[in-house]
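Novice: Here you go, one structure.
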Amino acid sequence: MTVLPPPPTIERCYRHPDRETGRRCTRCGKPACGDCLVQVSVGSHCVDCIKAARPDVKTRARFWNARQPTLVTYVLIVINAAVYLWTASSPRNEFRIALAEPFIQNGEYYRLITSGFLHFGIFHIAMNMLLLFQLGQLLEPAIGRVRFALLYFAALLAGSFGALLLQPNGLTGGASGAVFGLMAAAAVGLHRRGVNIFQTGIGTVLILNLVITFTIPNISVGGHLGGATAGALTGFVVLAPPYNTLPKWASYAAPVVVMVVSVIGSLVVSG
């Protein structure tokens, strides 16, 4: 009497029991159809194994964060662009955030900051955002997000102070003061490291913009000079060379001190 072998077992996908399959997950061994397997470097994994191997939300957020070395730069560009679109939709919006001494005397202190995000025309914002992007790529990865943001706003507030000091009744706006501060900080930082700034392009751009400041009308001389001065002073500390003996906290305190002095100075000159 001949004993026949049992018929072969027909395997079915563990997620789709109505589908026959001859494949298995190379990690857990479960049978799975082609729709439930994902090709990996060696073999194929089922969707459950793929999900289990995925980092948790906290880890993924940390990985994403590490891949964004200039996040603050991009956020600032987006804010400037959004404000420009808002003001372009109605010219009256410009007067709601622009800077002038009468507004500060009226208690509208927020204009010391909002004016730094106001731009008059597409060329104005395009040039400022181009410089912000380039300088952000240089500075933010080097000093970190927090100190970069502090440096930016220190220069912005100092630019507002300078504008009120030299042109109190002029309607002022623009990120130029902050951008000048970034340029000056970069120049000082490179110089402290023994780098010739005119071999990097920073020196040429800074000098060219200073020439434009004094030769083209309707430019806030005070805003540019105030931002540049704050950037140079803050950059001396924040961008100190590695062998510098200053404590780390000083690189955070320096821009904060500049911001406080700029705000107090703006209130004093506005009477």
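The values are calculated or read from the model by the stated rules, or taken from the named source; none is laboratory data. Fair warning: this is a prediction, and the values are worked out from it, not measured in the lab. Virtual Cβ from ideal backbone geometry, glycine too; neighbours counted across all protein chains shown. In case anyone asks, the SASA skips ligands and DNA or RNA and just uses the protein heavy atoms, side chains included. Shrake-Rupley method; radii C 1.70, N 1.55, O 1.52, S 1.80 Å.
Novice: Which order do the peptides 153-159, 45-51, 120-126 come out in when sorted by mean C-beta neighbours inside 10 angstrom, highest first?
Specialist: Result, highest mean first: 153-159, 45-51, 120-126.
Novice: Okay, next question. Under the rule of at least 5 residues apart or a separate chain, name every residue whose amide H is placed under 5 Å from the amide H of Thr21.
Specialist: For Thr21, the qualifying residues are Glu11, Arg12, Cys13.
Novice: Work out from phi, with θ = phi - 60° and the Karplus expression 6.51 cos²θ - 1.76 cosθ + 1.60, the ³J(HN,Hα) of each residue of region 175-187, listed in order in whole Hz, and give x for Gly and Pro.
Specialist: With coefficients 6.51, -1.76 and 1.60, one gets 8, 4, x, 5, 5, 4, x, 5, 4, 5, 5, 4, 5 Hz.
Novice: Would you mind getting the accessible area per residue of the chain, heavy atoms of the protein chains only, 1.4 Å probe, in Å²?
Specialist: 55
Novice: For every helix of n ≥ 4 consecutive DSSP H residues, a contribution of -39,500 (n - 2.57) applies; sum these over the chain, divide by its total residues, and give [θ] at 222 nm rounded to the nearest 500 deg cm²/dmol.
Specialist: Here the helix-only value at 222 nm equals -19500 deg cm²/dmol.
Novice: Next question. Could you name the aspartates and glutamates whose alpha carbon sits less than 19 Å from that of Lys30, not counting residues in the same chain fewer than 8 places away?
Specialist: Reachable aspartates and glutamates: Glu11, Asp18, Glu20, Asp48.
Novice: Same structure again: How big is the chain by the Kirkwood estimate over distinct Cα pairs, in Å?
Specialist: By the Kirkwood definition, the hydrodynamic radius is 22.1 Å.
Novice: Shape verdict for region 196-271, please, from the Cα gyration tensor: rounded (a/c under 1.5), prolate (a/b greater than b/c) or oblate.
Specialist: Since a/c reaches 1.5 but b/c is at least a/b, the shape of region 196-271 is classed as oblate.
Novice: I've got another one for you. When a/c reaches 1.5 or more, the comparison of a/b and b/c decides; with that in mind, is region 143-271 rounded, prolate or oblate per its Cα gyration tensor? Intermediate results must be reported in sequence, preceding the final value.
Specialist: Numbers: a/c = 2.70, a/b = 1.29, b/c = 2.10.
Oblate, since a/c reaches 1.5 and b/c is not below a/b.
Novice: Cα gyration tensor of region 160-204, axes a ≥ b ≥ c as square roots of the eigenvalues: rounded (a/c below 1.5), prolate (a/b > b/c) or oblate?
Specialist: Note, shape of region 160-204 comes out prolate.
Novice: Quick one: if you take sqrt(5λ) for each eigenvalue of the C-alpha gyration tensor of region 6-156, what semi-axes come out, biggest first, whole angstrom?
Specialist: The three semi-axes for region 6-156 are 58, 18, 13 Å.
Novice: Tell me the carbon and sulfur percent of the accessible area for the chain, rounded to whole percent, probe radius 1.4 Å.
Specialist: Carbon-and-sulfur percentage of accessible area, whole number: 66.
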